[in-house]
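Q: One structure is given below, represented as C-alpha cells, and several questions about it will come after.
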There are 2 protein chains.
Amino acid sequence: MRRFFRHPVRLVPIGFLVAILLGTGLLMLPPMAVEPRHPSFITALFTSTSAISVSGLAVVSTPDYWSTAGLVVIAVLTQLGGLGILTGAALVILTVSRRLGLHNRLLVQAETLEYGLGNIRRLLLHIGVTVLVCETLMTIIVSGRLWLDYDYSLGRALWSAGFHSVQTFNNSGFSLYPDGLRGFSRDPWVTLPLALGGIVGGLGFPALFEAARQWRRPVRWAVATKLSIWGSLALVVVGTMAFLAIEWANRWTIGQYGVADKLLAAFGQIALARTGGIELVPATALREESYPLLIGLMFIGGGSASTAGGIKVSTFFLLAFVIWAEIRGEPDVTVGHRRVATASQRQALTVTLLSVAIVAGATTLLIAMTNHLPFQAALFEITSAFSTTGLTVGVTSALSDAGHLLLIALMYIGRVGPLTLGSAIALNTRHRLYRYAEEQPIVG
Amino acid sequence: MRRFFRHPVRLVPIGFLVAILLGTGLLMLPPMAVEPRHPSFITALFTSTSAISVSGLAVVSTPDYWSTAGLVVIAVLTQLGGLGILTGAALVILTVSRRLGLHNRLLVQAETLEYGLGNIRRLLLHIGVTVLVCETLMTIIVSGRLWLDYDYSLGRALWSAGFHSVQTFNNSGFSLYPDGLRGFSRDPWVTLPLALGGIVGGLGFPALFEAARQWRRPVRWAVATKLSIWGSLALVVVGTMAFLAIEWANRWTIGQYGVADKLLAAFGQIALARTGGIELVPATALREESYPLLIGLMFIGGGSASTAGGIKVSTFFLLAFVIWAEIRGEPDVTVGHRRVATASQRQALTVTLLSVAIVAGATTLLIAMTNHLPFQAALFEITSAFSTTGLTVGVTSALSDAGHLLLIALMYIGRVGPLTLGSAIALNTRHRLYRYAEEQPIVG
Ligand SMILES: [K+]
Ligand SMILES: [K+]
C-alpha cells in the first residue's frame, strides 16, 4: 500500500483530491454563504472542485449564494488551483527524476530539456512573478475603467477587477455578476485585458517562456512550443471568424451591435469562453451551429501545462500532422524540420481517444439520468466540465445530486488528465525483459 | 494527368465513381420507376450510390417508388457493390505489387502475407463461391418459411427471400417492405438466417478465411483476424445486452414481447442494424439512450475488407490495445503475443480521427443546412451514411437536394475510405532521402 502511494505518477491525482476536500470543508463553514443558506456537502464539493480545477461551473448563483468570505475563498481556491497546475509539472520533475528511471515519460516529457534540474526554483519563481504581474496589470486597467466610468467606488472596482482577473487569467469561469461579463461585451477596456490575460494563461508556461526567450527566432522553437503558440493563435482567429459568420445577424447575441462591437464581442467570447468559461454573449441564445463550434474548441482546450483544459492544442495539431503524414504516405511525421517521436504520437492518440470515450460515455449517462435531456445540451455541459471550461447552457444548475457528482468526477478527471489518472491506477511497474515478434495487422 | 490516373491508390475512388454513375444512368431509364414517377438525377444518383456502397439509405419508399425492374437493378447494384468491395483488395494487390515498390502499404497491408500473389484467382473464386453459397442458403430457409407459413406464392417467396438475402449478406439496407423487417422481428426462421448471414458478410474475407482454415487453433490467428473475429463477437454480444437493458420495458419497441422474443429481436436488431441498416425495431421509437449505442456501433462498423463500413472493428480494438499499453506505460503494443507495428497504429489513428472529423463536420453542416434539425438526429443520419449503415431516423427522406448531395458524398467517402481517398488526392510520390532529427514534444 505504501509503495502504491509513493509512486510519483500517483501524487498528482491524490494531491488534487486532498486540495478539493480541504476546499469543501472550508466552503461548508457557516460564514461562507449568505444567510439563511447552508451549503450542502454536494454544493460545497462541486464548488470546491470547480474552483480548484479552474472550471467555473456553478450549481448556485455565485454572487447571490456566497458571502464575501465565500467569494474570497473561491478566488483563493482558483488561484491555488491555477498555481498548482502551473507549478505541478516542475515539482514532479524534481521528485520523479530522483526516484525513477524508466516510467517517468508520462510526466516528465520535454520539460527536462528546457529547464535543467537545478533551475526548478528559478522556474517556480518565474511562474509566480509572471502570474502576479499579469493579474496586477489586468486588475489595474479593469478597475480603473470600473472606477472612472461605471460609478464604482475604488474598493468595489478593485475587488471586482481583481476577482475577474484571477478568474480569467486562471481560465476559470466564476463571476460576481449573475450574467457573467455580458454587461461589458462592448467595452474594450474591460474585455480586452481579461481576454488577453486569459489567452496568456492558457498558453502554458513551457511554451510561453520559450517563446519569450526566443521571440526573435520562432523557427528555433521546440515542436511543442510551435504547436501550442501557432495552434492557439489559429484557433482564436478561426474561432472568432466562425463565430462572427454564424452569429452576425442573430439579434439575441451580437446581431444588433455595430461592426467594431461585433468583432470585439466575438473575439472576447472565443478568447474567454473557449477555455475560460466566462461568457460575453448568452450561451443559451446562440445559433444552433455555434454549439458544435464551441464544443469543438472546448474539447481541444488550451496549451500544455497551462490552466486551460481539454486534450490540449499541441495534441490536436500534432495529430493533424500525423494524419497528414499518413495521407501523404510519409514514413516520418515531421513538424518544422523535426521528426516527432512515435512515443509522442501514441501519447497524443491515447489522450484524445480516452477523452472522446469519456465524453461520449458521460453524455450517454447524463441523458439516461435526466430522462430526455436533449443530446446537444448534454454533450455541451459534459464537454464543458471535462475540459474544465465551465460554460453552461443551463443544464448544470437544474441537475440532481447524482448529475452533480457526475460533473464533479468529470472536472476532476479532466483536470488530472485521463492518461495520468489511468496510469496512476494501472501503471505496470514490472519490466518486461523480452519483446514479441512484430506484426502489421490490417486496419481501416 | 495520365500519371495521376495510373497511380493504383487512385483506382479505387475512380472505379467506384464510374460504377455509381453507370448505376445512376440505369436507374433514370423510364421502366425503372412505377408510373407516373420519373426519377430525378439526384434520386437516381442517391439510390445508385446507396446500393453500390451497400448502405441502403433511401430517399423514396423503395417498394412503392421502384418497379420490379428497378428493384432488380438495385439488387444487382448491391451485389456488384458488395463483390467489388470484397474482391477489390485482392485485385489491387495484383496491380500494385507489380508496379510499385514502396507506397503500397495503404492498400496491400497484411493480405499479402496470407495469400501469395499466385493465389489471387483462387482467392476470387473462394470469395465468389462463399457469397453464392451463403446467399443461397439464406434464400432457401427464408423463402421456405415465407412460402409455407405466410401464404406467399413460391415465386414471391423466392423473390422476397432472395432480395433480402442479397441485402443482408452484403450489409445493405434496402427492403421490399415499407417498414423493413419489423413484421418478422419475432420469427426466428426469417430473422436468424438473415442476421447470421449479415454477421458473416460483415466479418471480412481475410479474417473469415483464416478463421475457417485454422478454426482448431484460434491462438495462431493473425492479429487482424483475432481483432476482427473476437471484436465482432464482443460488439454483437455487448450491443445486444445493452439494447435489451435499454429497451426492455419500452412498449413501442420490444416491451410487450415475451422474453425469448425480446432476445431474438434485440439480437437481430443489433446484428442487422449495426452495419446492415435493416431494422427489426422502429428506429424512431427507441429510448433516448439507444441512439448513442447505435451511433457508436455504426461508427465502429464491421470487419476489414468486408461489406460493412465504419472505421472497422480491428481499428477500434487495436486502438483500445494502444491506449491500454500507453496507460500501463508499456513500450510495445502487444496483442496475443505479437507486437503491433507502429505503422499499423498510425494508420488506425488516422482512419479514426479523419472519420471523427468528417462526421463532426458533416453533422454541423447538415444542422446549418436544415435550420434547427436536432443535433442527435443529424448525428445519427450522418453516421449512418458515412458508415454505409443505412439506418434512418426519418431525416434522409425529408432533406433538400443539397442535403441529399451531402449524404451521397458521405456514403461515397465512407465506402472508399477517408484514408484511401485522401491519399488518392495528396499522396506524395517523391521519396525523401534524408530524415530530420527526432524530438519528443509535450502533448496532453
Ligand atoms: K475554465
Ligand atoms: K448498410
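A short reminder: the numbers here are calculations on the coordinates, not readings from a lab. None of these values were measured; they are calculated from a predicted model. Glycine also receives a Cβ, built like all others from the backbone with ideal geometry; neighbour counts cover every protein chain displayed.
Q: At a 10 Å Cβ-Cβ cut-off, how would you order B:86, B:263, fewest neighbours first?
A: Numbers: B:86 23, B:263 15.
If I rank by nearby Cβ atoms, fewest first, I get B:263, B:86.
Q: I need the chymotrypsin sites (Phe, Trp or Tyr not before Pro) found in segment B:143-187, filtered to DSSP loop residues with at most 11 other beta carbons within 10 Å of theirs.
A: Passing sites in segment B:143-187 do not exist.
Q: Given R₀ = 25 Å, FRET efficiency for residue B:124-residue B:17 by Cβ-Cβ distance, to 0.05? Mind showing how you got there, number by number?
A: On the way: r = 23 Å, r/R0 = 0.90.
In this case the efficiency is close to 0.65.
Q: Another question, if that's okay. Sum -39500 (n - 2.57) across every DSSP H segment of at least 4 residues in the protein assembly as shown, then divide by the residue count to get the 222 nm mean residue ellipticity, nearest 500. Can you show the working numbers first?
A: Details: 38 runs with 560 residues, N = 888.
The helix contribution divided over the protein assembly as shown gives -20500 deg cm²/dmol.
Q: Whole-Å semi-axes of segment A:236-348's equivalent ellipsoid, largest first, each the root of 5 times a Cα gyration tensor eigenvalue? List each step's numbers first, then the result.
A: Details: eigenvalues 226, 42, 25 Å².
Taking √(5λ) for each Cα gyration eigenvalue gives 34, 15, 11 Å.
Q: Could you work out the Rg to Rh ratio of the protein assembly as shown, with Rh taken as the Kirkwood radius (inverse of the mean 1/r over all Cα pairs)?
A: Values: Rg = 28.8 Å, Rh = 29.0 Å.
Rg divided by Rh gives 0.99.
Q: Within the set of other residues whose C-beta is less than 13 Å from the C-beta of residue A:279, count the net charge using Lys and Arg as +1 and Asp and Glu as -1.
A: Details: positive: A:182, A:274; negative: A:179, A:247.
For residues surrounding residue A:279, the net value is 0.
Q: Also, quick follow-up: How about residue B:312: which lysines have a C-alpha closer than 20 Å to its C-alpha, ignoring those fewer than 8 places off in the same chain?
A: B:226
Q: If I fit a long axis through the Cα atoms of helix B:11-27 and take the longest principal axis of the Cα atoms of chain B, what angle between them do I get, 0 to 90°, rounded to 10?
A: Between helix and principal axis, roughly 20 degrees.
Q: Something else about it: Can you give the local net charge around residue B:145? Use residues other than it whose beta-carbon is closer than 14 angstrom to its beta-carbon, Lys and Arg +1, Asp and Glu -1. Please report the intermediate quantities before stating the final value.
A: Values: positive: B:156, B:186; negative: B:149, B:151, B:187.
Once all neighbours under 14 Å are counted, the net charge is -1.
Q: In addition: Compute the Cα gyration tensor for segment A:239-278, then decide on rounded, prolate or oblate, letting a ≥ b ≥ c be the square roots of its eigenvalues: rounded whenever a/c is under 1.5, prolate when a/b is larger than b/c in the other cases, and oblate in all that remain. Show your work: numbers first, answer last.
A: Numbers: a/c = 1.83, a/b = 1.79, b/c = 1.03.
Since a/c reaches 1.5 and a/b is larger than b/c, the shape of segment A:239-278 is classed as prolate.
Q: Roughly what angle does helix A:342-370 make with the longest principal axis of chain A, taking Cα atoms, 0 to 90 degrees, to the nearest 10?
A: Approximately 40 degrees, to the nearest ten.
Q: Oh, and also: Between copies, how far apart are the residue B:63 label points? List them in nm, one decimal, shortest first, with each point 7 Å from Cα toward Cβ, please?
A: Once sorted, the set of distances for residue B:63 reads 6.3 nm.
Q: Same structure again: Measure off 7 Å from each Cα along the Cα-to-Cβ vector at residue B:371 and residue A:41, then give the distance between these two points in nanometres to one decimal.
A: 5.2 nm
Q: Could I ask something else about it? What shape does segment A:269-328 have by the C-alpha gyration tensor, where a ≥ b ≥ c are the square roots of the eigenvalues, rounded means a/c under 1.5, and otherwise prolate means a/b greater than b/c and oblate the rest?
A: Values: a/c = 4.20, a/b = 1.67, b/c = 2.51.
Because a/c hits 1.5 or more and a/b fails to exceed b/c, segment A:269-328 counts as oblate.
Q: If you place +1 on the Cβ of every Lys and Arg, -1 on the Cβ of every Asp and Glu, and leave all else neutral, what size is the dipole of segment A:226-381 about its Cα centre, to the nearest 20 Debye?
A: Details: 10 positive and 9 negative charges, 78 e Å.
Rounded to the nearest 20 debye, it is 380 debye.
Q: Any chance you could give the angle, 0 to 90 degrees and rounded to 10, that helix B:313-328 forms with the longest Cα principal axis of chain B?
A: 50 degrees
Q: P(r) of segment A:128-205 in 10 Å steps, Cα pairs, percent per bin?
A: Binned Cα distances yield the sequence 21, 57, 20, 2.
Q: If the label for residue A:320 sits 7 angstrom from Cα along the Cα-to-Cβ line, what are its distances to the same label in every other copy, in nm to one decimal, shortest first?
A: 3.1
Q: If you don't mind, another one. How long are the three semi-axes of the equivalent ellipsoid for chain B, computed from the Cα gyration tensor as the root of 5 times each eigenvalue, in whole Å, largest first? Present the calculation step by step, with values, prior to reporting the outcome.
A: On the way: eigenvalues 229, 130, 111 Å².
Taking √(5λ) for each eigenvalue gives 34, 26, 24 Å, largest first.
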